[in-house]
1. If you build the Cα gyration tensor of segment 1-86 and take the root of 5 times each eigenvalue, what three semi-axes come out, in whole angstrom, biggest first?
2. Under unit Cβ charges (Lys, Arg +1; Asp, Glu -1), what dipole magnitude, rounded to 20 debye, does the chain have relative to its Cα centre?
3. Report the charge-dipole magnitude of segment 56-104 in Debye, nearest 20, computed about the Cα centre from +1 at each Lys and Arg Cβ and -1 at each Asp and Glu Cβ.
4. What percent of all Cα-Cα pairs in segment 74-226 falls in each 5 Å bin, counting up from 0?
5. Could you tell me the distance between the Cα centroids of segment 151-206 and segment 26-88, to the nearest Å?
6. Based on the mean of other beta carbon atoms within 10 Å per residue, what is the order of 14-24, 121-131, most packed first?
7. Among 148-154, 183-189, 203-209, how do they line up from the highest to the lowest mean number of other beta-carbon atoms within 10 Å?
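Every read-out reported here was derived from the displayed coordinates using simple, explicitly stated rules and does not represent laboratory data. Everything quoted here is computed from the prediction, not taken from an experiment. Methodologically, a virtual Cβ is constructed for each residue, glycine included, from the backbone with ideal geometry; neighbour enumeration extends over all protein chains shown.
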Amino acid sequence: MRGSTNQTRRAYGLIRSLIRSGFLVDDEQLVEDRLVKTMGIPRARVREALQQLAADGLVERRRRTGTRVRQEYFQVPVDDILPWHTPPGFAVRQTDNRVVPSGPSIRTRLGTHDTRVGLVEHVFEHVTSSGVEPLGVRMAYYRERYEQPKVWQRCPSLADAFALVYGVPLGKVDTVIDAVACDTDTARVLGLREGSPVLMREQLLRDVEGTAQEYTFSYYRADRVSFPLGTAPERVGQ
């Protein structure tokens, strides 16, 4: 029994990795015979893995049409806001920009005595012919004297956005990632049920001189986004 469980876990991990890495794309059909042969795992265990992936929302299983990849998966590097292999239609939209009380936590992180700081909020979206799908929301605290662009013509990299807003190159990014339950407001923005799992990324952005310029909290859909380390893998056929 334990061996069967391990085989199901292996199949689940391997197929999920193929989807997450972009080797299997949205609407691509998964052929069980091919999966069984390439992974060397019994058909029953492969089917159990596909059922788990269907429960995760990554594949769709239908009796007559088989199993297809249901959604594209986005890999956003830990130190960036642009996904690897950024697809057409990936966009950023500003939803809030105002001045708020700083509080001791924000003042400590930014190294400032200012009692008020700027707050800007952006939503990251994937725009397709089927509609607009929200993927994440990012809230950034910064010194009030800086001005945030109201509109980005395209979603910039984190380094490009930092240099444009603060006038200096990005130096270091301190990052902490947690899995948390989605609150009511975030659930509404991301189109999720309250309590759904999301990935929270807390970051402190410093310039090349070591000065903290921005303190951020981002919330991403755990079923659509991951935070990889290293370099982007090449897609099949490239």
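1. Values: eigenvalues 115, 49, 23 Å².
Semi-axis lengths for segment 1-86 are 24, 16, 11 Å.
2. Numbers: 34 positive and 30 negative charges, 219 e Å.
With Lys and Arg at +1 and Asp and Glu at -1, about 1060 debye.
3. Charge dipole, segment 56-104, about its Cα centre: 560 debye, nearest 20.
4. Distribution as computed: 2, 9, 18, 22, 22, 16, 8, 3, 1, 0 percent.
5. A separation of 26 Å, based on Cα centres.
6. On the way: 14-24: 18.6, 121-131: 15.5.
Order by mean packing, descending: 14-24, 121-131.
7. Numbers: 148-154: 10.9, 183-189: 13.6, 203-209: 16.6.
Ranked from most to least packed, the peptides come out as 203-209, 183-189, 148-154.
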